[in-house]
Amino acid sequence: MTQWSGYFGLILQGALVTIELTLMGSVLALIMAFLAGLGRLSRFFAIRALATAYIEFFRGTSIFVQLFWAYFVLPFVGISLTPLQAGVLALGLNVGAYGAEVVRGAIQSIGREQYEACTALNLGRWQAMRHVILPQALLVMLPTFGNNAIELLKATAVVSLISLTDLTFQAQVVRSQTGNTLVPFTTILVIYFALALIISWGVRSLERRMARGLDGVRV
Amino acid sequence: MEWDWNFVWEIMPTLIQGVKITILATLLGSVLAAIVGLAIALARRSPNKALSRTVGFLAEFIRGTPLLVQLYFIFYVLPDIGILLPPLVAGVIGLGLHYGTYTAEVYRAGIDNVPRGQWEAAKACNLNARQTWTHIIIPQAIPPMIPALANYFIAMFKETPLLSAITVLELMNQAKSVANTYYRYVEPMTLVGAFFLVISLFSVVLLRWLERRYGKIER
């Protein structure tokens, strides 16, 4: 009989790394999503082009290739990243590109009358965005952001391949030490699923809170 | 480190070997995903509550967990219960199952979008269930699905590098082995990235065309 408690501790440590990666990646993804999403709606061609290039590049190549590129190629041009940094960078930039399209879509879904009302109230572009458009658009973005966060959580499994000790990595360690395959892999599948459920539950309750007082407003 | 074109030409044949496997895995995976998705969508519509609930939960579970871990599960756990699969077959099954849960949603939406009047008219014309499906529902449900399905197949294509983790010799794995042999990462990794970028830029054009051709029918 193997010492399962010790191995379970190992997997729990992996879960912490996975959660850490998911949180840090999400923060970076959120920042990039707003930067690139608003960038695509910019008045200036250069900013629009830059944002489009970023989005197409990171959506066009897979997260796996980006991660390996960040980890193996960047050191040769003088930028050495730890596995964690490379992981957060690749995850955040990749999911941020998908999020940018969500931001753009949500802002464009706000009706023209809202913009006209802002002009009528003599709000500046930034004021209109900050006080009128974004508060409404955020609610539209939220469910898709939740899905993106789950995609990011699933993508964290890939970082095990650049030797970051996340859930998947630890499961491999347990497999190679015990020879048992069913227990470690089933355990981490269940943990991933539980984490995904927590994210979707959290986003749903956030959505309810933000929608409070907006009854009758078109969302 | 300098970019070396001679090295690029030297490794090109090896990479092309990998490209073939990558494309093969994508095609087989797409076919499997299309079939699995249809099966899931039909099972979820079944009047048998036990069947539709079980399949619904399983699909939810597969969608909430990382593809990489599912590939490990298929590749490492199944041999223990006597099912020995070649890596490519295991990879195709993993891709097909994972993306099948996504295509199932596309089928569901496509079928739900056929207006109720069509079902009622079919009944009024005294068509039986099989005739209703083959002559009324499916011909109207399929065209709007095509762009969404193609979108998931392209997403699957971008996930194929994960198969390298279960020793399938696709593009990423060939690039890695070349890189490890010569200890030059810049060219192989960049070429892999460029390959995926080029293909997905083409696929964006293809998608736009599909959307124009089949996309929005009058609602």
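Residue-wise test of (1) surrounded by 16 or more Cβ atoms within 10 Å (Cβ to Cβ); (2) under 16 Å from residue B:107 (Cα atoms); (3) touching a helix residue (DSSP H, G or I) at 6+ places or on another chain (Cβ under 8 Å).
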{"residue": "B:139", "(1), (2), (3)": "no, yes, no"}
{"residue": "B:147", "(1), (2), (3)": "yes, yes, yes"}
{"residue": "B:167", "(1), (2), (3)": "no, no, yes"}
{"residue": "B:172", "(1), (2), (3)": "yes, no, yes"}
{"residue": "B:181", "(1), (2), (3)": "no, no, no"}
{"residue": "B:205", "(1), (2), (3)": "no, no, no"}
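Of all the numbered requirements in (1) away from chain B (no Cβ under 14 Å); (2) surrounded by fewer than 16 Cβ atoms within 10 Å (Cβ to Cβ); (3) at pLDDT 90 or above, residue A:40 misses one, and that requirement is (2). The residue pairs whose first member lies in region A:62-80 and is within 8 Å of chain B (Cβ to nearest Cβ), whose second member is surrounded by fewer than 24 Cβ atoms within 10 Å (Cβ to Cβ) and in a loop (DSSP other than H, G, I, E, B), and whose beta carbons are closer than 6 Å, counting only pairs six or more residues apart or on different chains, are A:72/B:185; A:73/B:185; A:76/B:1. Just one of the numbered conditions (1) surrounded by fewer than 21 Cβ atoms within 10 Å (Cβ to Cβ); (2) over 29 Å from residue A:87 (Cα atoms) is not true of residue A:183: (2). The residues listed here are B:96, B:91; of these, the one that is within 14 Å of chain A (Cβ to nearest Cβ), in a helix (DSSP H, G or I), within 28 Å of residue A:174 (Cα to Cα) and among the small types (Gly, Ala, Ser) is B:91.
Just so you know, in region B:44-80 the residues that are of a type in the set (A, V, I, L, M) and surrounded by fewer than 16 Cβ atoms within 10 Å (Cβ to Cβ) include one that is nearest to the other protein chains (Cβ to nearest Cβ), and it is B:58. Scanning region B:143-165 for residues that are within 11 Å of chain A (Cβ to nearest Cβ) and of a type in the set (A, V, I, L, M) yields a total of 6. Of the helices (runs of 4 or more DSSP H) entirely within region A:104-166, those holding at least 3 residues that are buried (at least 19 other Cβ atoms within 10 Å of the Cβ) and within 14 Å of chain B (Cβ to nearest Cβ) occupy A:134-155.
Candidates A:64, A:58, A:76, A:68: the one that is surrounded by fewer than 19 Cβ atoms within 10 Å (Cβ to Cβ), modelled with pLDDT under 95 and not charged (D, E, K, R) is A:76. Considering each residue of region B:8-20 in turn, at least one proves to be surrounded by 12 or more Cβ atoms within 10 Å (Cβ to Cβ), closer than 24 Å to residue B:170 by Cβ and under 17 Å from the mean Cα position of the chain (by Cα).
The values are calculated or read from the model by the stated rules, or taken from the named source; none is laboratory data. Values in this document were obtained by computation on a predicted structure and should not be read as measured data. Here Cβ is always computed from backbone atoms with ideal geometry, including for glycine, and neighbour counts include all displayed protein chains.
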